[in-house]
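The values are calculated or read from the model by the stated rules, or taken from the named source; none is laboratory data. Because the structure is predicted, anything quoted here is derived from the model rather than measured. Cβ: placed from backbone, ideal geometry, glycine included. Neighbour counts: every protein chain shown.
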Amino acid sequence: MSSLNIERTLDLDFPMEKVKQDIERTVKVGAYAMHSQNDILNTYRIGKLTGLETISMNVTLKSLENSKTSIHIVVSEKIRNSGHQVTVDKMIDAFLERFSKALTGAADEELKNVSAGNKGCMLTILFILAIGITAVASATGLF
């Protein structure tokens, strides 16, 4: 397994306080978990359950000129398989999509309806579990 840093840096035309408020709202409404928050250093550690694991994003904010804010997102991950990086990218994209909607004034209900970025994962897991349980039950004579 190799390690990989996936990073995104964006400069936003919004003041730092608005960005902070909307990050917190995005986390609350978007089914993310706030693992840590440091208001002095303007850092956040935000997690999201994807499949059977939690992926954590480190978010750092920096105030720029003219009431702009830079947001830097880093996800440091052990790459478990060939599709894992795609999962991480989708999770970051889904967070940024929800966050951008929050910045532009979308209602909480609208934020909830934004694609989660990993549709079908839970159904796939349930399907695999059902097949496994059926196979075990057949092998042990329960069916």
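Read through the list (1) in contact with a Lys or Arg (Cβ under 7 Å, 6 or more places away or on another chain); (2) at pLDDT 65 or above, then give the number of the only condition that Asp89 fails. Failing condition for Asp89: (1).
Restricted to the stretch 9-48, and to residues there that are out of contact with any Phe, Trp or Tyr (no Cβ under 9 Å at 6 or more places or on another chain), without any contact (Cβ under 8 Å) to a residue 24 or more places away in the chain and farther than 18 Å from Asp108 by Cβ, the residue that is surrounded by the fewest Cβ atoms within 10 Å (Cβ to Cβ) is Ile40.
One residue alone among Gly83, Gly141, Gly105 is at pLDDT 90 or above and exposed (fewer than 12 other Cβ atoms within 10 Å of the Cβ), and that residue is Gly105. On the stretch given as the stretch 24-40, residues that are out of contact with any strand residue (DSSP E or B) (no Cβ under 6 Å at 6 or more places or on another chain) and assigned to a helix (DSSP H, G or I) total 5.
Here's the yes/no breakdown for (1) in contact with a helix residue (DSSP H, G or I) (Cβ under 9 Å, 6 or more places away or on another chain); (2) of a type in the set (D, E, K, R); (3) at negative phi:
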position	(1), (2), (3)
Ser3	no, no, yes
Asp11	no, yes, yes
Lys18	yes, yes, yes
Gln21	yes, no, yes
Thr26	yes, no, yes
Ser56	no, no, yes
Lys90	no, yes, yes
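So for the stretch 118-128 (the condition being outside any helix (DSSP H, G or I), touching a Phe, Trp or Tyr at 6+ places or on another chain (Cβ under 9 Å), modelled with pLDDT under 90 and surrounded by 12 or more Cβ atoms within 10 Å (Cβ to Cβ)), does at least one residue qualify? Write out each step before concluding.
Start the filter on the stretch 118-128 by keeping residues that are outside any helix (DSSP H, G or I), which leaves 118-120.
Still in the list and also touching a Phe, Trp or Tyr at 6+ places or on another chain (Cβ under 9 Å): none.
No, every residue in the stretch 118-128 fails to be outside any helix (DSSP H, G or I), touching a Phe, Trp or Tyr at 6+ places or on another chain (Cβ under 9 Å), modelled with pLDDT under 90 and surrounded by 12 or more Cβ atoms within 10 Å (Cβ to Cβ).
Considering Ile55, Ile6, Ile73, the condition of being aliphatic (A, V, I, L, M), touching a Phe, Trp or Tyr at 6+ places or on another chain (Cβ under 9 Å), in a strand (DSSP E or B) and within 14 Å of Val88 (Cα to Cα) is satisfied by Ile73 alone. The residue pairs whose first member lies in the stretch 91-104 and is without any contact (Cβ under 8 Å) to a residue 40 or more places away in the chain, whose second member is assigned to a helix (DSSP H, G or I) and not β-branched (Val, Ile, Thr), and whose beta carbons are closer than 8 Å, counting only pairs six or more residues apart or on different chains, are Lys101/Glu110; Lys101/Leu111.
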